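First the structure, in the form of structure tokens, and then the observations on it.
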Amino acid sequence: MVDKNLTVAKTGNEAMAEAMRQINPDVVAAYPITPATEIAQIFAGFVADGLVHTEFVRVESEHSAMSAAVGAAAAGGRCMTATSSQGLMLMSEILPIASALRLPIVMPEVNRTIAGPINIHCDHSDTMFVRDSGWMQVYCEDAQEAYDSVLMGIKIAEKAMLPMMVSTDGFIISHCMARVDLIPDEDVTKYLGQYKPETWLLNPDKKITLGGLDLQDYYFEHKMVAIDAMYKSKAIIKECCEEFAGKFGRNYDFFESYEMDDAETAILAMGSVCGTAKVAVDNLRKDGKKVGLVRMRVFRPFPAEELAKTLSNLKTLAIMDRSDAMSAGEAPLAIETKAALYGRKKQPKTHNYVFGLGGRDIKVEEIEDVYKEMLDFTQPEKNFDRKVTYLGVRE
Amino acid sequence: MDNLAEIRWHGRGGQGAKTAALLFGEAAMSLGQYIQAFPEYGPERMGAPVQSFNRISPEPITLHCGVTSPDIVVVLDPTLIATVDVFQGLNEGDSIIINTEKTSAAISEELNIKDKGINVYTVNASGISKEEIGRDIPNTPMLGALVKIYGKLDVEHVLVDMKSKLEKKFRHKPEVIEGNLKAIKRAYGEVKS
């Protein structure tokens with residue numbers, strides 16, 4: 001038997017909306033887009049039922065949703081929105097402004113590929129498209145992690161004074177009902193506390209200008225502040241993960257290491273595929289194969305040092321990307337991981353796989369095949385133009 | 001993952017295949033199981049063939065791929081058998097439960113699957129639904145049949161859990177709650193091999 005009030009069956013979207021109810025933000029501005037629609041829809045229900053005190057702004061586009069969130073956050077509010085895919089792309093003009101203004105907006109983002117061709121299913125092309133926008137990015141494996149990460153995200157964002165997107169895999173997690181353990185409302189309230197911005201636009205005691213024209217003489221210095229903040233946010237994330245584990249018993253970090261202690265071969269990936277890969281690891285471990293998995297959670301700030309340390313003792317590493325970088329040689333996770341490994345005395349041989357574009361399913365057996373290929377992997381790269389293996393695509 | 005059960009529901013848009021998967025998942029969870037319940041998302045039209053899925057396990061479930069070799073298949077609409085391969089991925093020892101007036105022997109004969117070692121069960125869920133709920137909504141009685149065939153959930157607990165779920169869902173139509181509960185109970189008792 002389980003505690004019916006706290007152990008609940010929720011989809012990823014419901015879990016993230018529930019986190020938003022408990023956060024009770026000052027302002028939520030949102031525009032619907034599949035598969036993230038339900039998050040704002042369910043939250044709008046909470047507003048209508050008087051369960052939160054949020055000002056819900058029904059905007060006419062995602063560009064406006066992000067603009068409204070920026071305005072409200074600049075005015076000193078705790079602000080949220082949610083989106084997917086094309087919605088995120090329409091927001092993209094405003095995203096770097098939110099980070100440059102150091103506004104701690106937290107946004108659930110449901111990963112969906114980007115058109116064209118038009119498709120509503122999962123890959124990471126949307127968030128990868130805005131990976132350098134100055135937003136922290138957390139990729140979740142399941143609904144439980146999505147719930148926890150949204151709550152933790154508020155704390156991290158407000159301490160780092162940077163916005164954060166917390167993403168789940170569209171449909172695979174956003175629409176899959178699973179067991180989620182909730183934290184009691186009062187504990188969330190206590191954990192997050194009141195948002196006290198350092199300063200805010202409508203503070204008559206400390207008048208400031210935000211968003212002024214900033215040309216050659218100062219732009220670089222001001223940009224540097226946001227760049228530094230992103231580097232420094234690593235320590236804040238570490239500290240917040242430890243605090244969360246201490247308070248609520250669930251452990252998170254920049255990445256999760258699964259069966260990595262004696263692993264010789266590993267997969268590095270992000271999102272729901274990692275859950276499936278854990279089953280592949282278990283199966284291969286039963287046959288005595290020394291395989292492991294590193295599941296990246298925090299892609300921005302990129303934990304280069306920690307990741308390189310964890311990966312450097314491997315013999316071989318498969319980096320599995322759910323998006324492509326269109327002839328960049330390899331895909332985003334591979335490019336950044338290899339940059340982190342470059343120059344180290346010890347580093348694994350790597351190979352990059354791109355999988356699951358547009359929601360293409362990937363099975364345990366296919367992941368086992370990747371491990372098997374990497375266990376025997378010896379050949380150096382031959383084609384330096386096109387190093388990626390595209391998994392599961394028909395020719 | 002040895003104790004993991006995977007279930008696939010076949011229905012037509014509007015018959016409640018998704019709702020049934022969600023209700024079954026929630027009922028299993030309230031009995032301490034880990035669960036997943038998810039529909040197949042594609043074009044959604046009333047009457048078109050649809051599928052939904054469950055995973056049930058006493059241990060946490062990390063699989064996030066599609067269900068391709070289910071242990072149990074539930075067919076809400078017998079006319080689907082002619083157009084959809086409802087047996088896809090079923091192996092020896094697996095089970096299929098079909099909403100039909102026919103006996104399982106007749107179905108096995110008709111479909112020529114007697115030597116495949118698949119356990120075929122039938123129950124007249126539409127008939128039960130018409131009698132108990134007053135309409136042909138086969139999803140809740142089929143859920144009762146599934147509880148019986150799955151065999152690891154106490155039906156009385158399931159009924160208690162279902163009652164509280166239905167009370168929330170049908171706040172304004174209390175008359176359908178009793179009918180649904182009776183339908184679940186009857187199908188649990190009437191499903192046959």
Test of the criteria: in the range A:48-92, which GluC sites (Glu not before Pro) are in a DSSP loop and have at most 14 other Cβ atoms within 10 angstrom of their Cβ? A:60
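For peptide A:357-364, what's the mean number of Cβ atoms from other chains within 10 Å of each residue's Cβ? Before the final figure, lay out each step's value.
Values: counts 0, 0, 1, 0, 4, 3, 4, 3.
Mean number of neighbouring Cβ atoms from other chains: 2.
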Distance-filtered residues of the range B:11-39 - backbone nitrogen under 17 Å, label point 7 angstrom along residue B:46 Cα→Cβ: B:12-18
1/(1 + (r/R0)^6) with r = Cβ-Cβ of residue A:199 and residue A:132, R0 = 30 Å, i.e. FRET efficiency to nearest 0.05, evaluates to 0.65
Residue-averaged beta-carbon neighbours from other chains (10 angstrom radius) around B:26-33: 4
Which pairs in the list A:4/B:152; A:4/A:190; A:155/A:345 are over 26 Å apart, alpha-carbon to alpha-carbon? A:155/A:345
Using a 1.4 angstrom probe on protein heavy atoms only, which residues from the range B:34-56 are buried by at least 20 Å² of accessible area when all chains are present rather than their own chain alone? B:34, B:35, B:36, B:37, B:38, B:41
For residue A:223, the aspartates and glutamates lying under 14 Å Cα to Cα, once residues fewer than eight places off in the same chain are dropped, come out as A:132, A:214
Accessible area expressed per residue, the range A:7-248, with surrounding protein chains retained (probe 1.4 Å, Å²): 40 Å²
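Over the range A:255-390, average the accessible area per residue using a 1.4 Å probe and give it in Å², no decimals.
Numbers: 5920 Å² over 136 residues.
So the range A:255-390 comes to 43 Å² accessible per residue, rounded to a whole number.
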Give the aspartates and glutamates reachable from residue A:290 as a straight Cα distance under 18 Å; neighbours fewer than 8 places away on the same chain don't count. A:256, A:259, A:261, A:262, A:264, A:282, A:365, A:366, A:368, A:369, A:373, A:376
Top of A:202, A:314, A:90 by mean-square fluctuation, Gaussian network on chain A, Cα under 10 Å: A:202
Student exercise, the range B:70-135 dipole from Lys, Arg, Asp, Glu Cβ charges, in Debye to nearest 20: 160 debye
Could you state the principal axis extents of the C-alpha atoms in the range B:1-140, from the largest down, to the nearest angstrom? 38, 37, 30
Mind pulling the per residue volume of the convex hull built on the Cα atoms of chain A? Å³ is fine. 158 Å³
How well do other chains shield peptide B:64-70, expressed as the mean number of their Cβ atoms within 10 Å of each residue Cβ? 6
Run through the range B:1-80 and list the GluC sites (Glu not before Pro) located in a DSSP loop whose Cβ has at most 15 other Cβ atoms within 10 Å. B:44
Past the 15 angstrom mark, what percentage of all C-alpha to C-alpha distances in the range A:1-82 do you count? 56 percent
Computed over chain A, the relative contact order (Cα-Cα under 8 Å, seq sep at least six) in percent reads 15 percent
Roughly how far apart, in whole Å, are the Cα centres of the range A:1-80 and the range A:257-322? 33 Å
Accessible area of the protein assembly as shown with a 1.4 Å probe: how many percent of it is carbon plus sulfur? 51 percent
Segments B:70-81, A:139-150 sorted - mean Cβ within 10 Å per residue, highest first: A:139-150, B:70-81
Between chains B and A, what is the buried accessible area summed over both chains (1.4 Å probe, protein heavy atoms, nearest 100 Å²)? 2000 Å²
Using alpha carbon centers only, the range A:149-170 is separated from the range A:184-212 by a whole-angstrom value of 16 Å
Go ahead and set up a Gaussian network model of chain A, Cα springs under 10 Å, then flag whichever of A:227, A:237, A:23 fluctuates most. A:227
Could you give the length gained on full extension between residue A:221 and residue A:378, defined as 0.36 nm per residue of separation minus the Cα-Cα distance, in nm? 51.9 nm
Please say if the range A:305-395 is rounded, prolate or oblate, where rounded means a/c under 1.5 for a ≥ b ≥ c the square roots of the C-alpha gyration tensor eigenvalues, and otherwise the choice is prolate for a/b larger than b/c and oblate otherwise? prolate
Please sort by residue number the trypsin sites (Lys or Arg not before Pro) in the range B:45-122 whose DSSP state is loop and whose Cβ has at most 12 other Cβ atoms within 10 Å. B:45
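The values are calculated or read from the model by the stated rules, or taken from the named source; none is laboratory data. A quick note: this is a predicted structure, and the numbers were derived from the prediction, not measured. Virtual Cβ from ideal backbone geometry, glycine too; neighbours counted across all protein chains shown. What goes into the accessible areas is simple: the full protein's heavy atoms, side chains included, and nothing from ligands, DNA or RNA. Shrake-Rupley method; radii C 1.70, N 1.55, O 1.52, S 1.80 Å.
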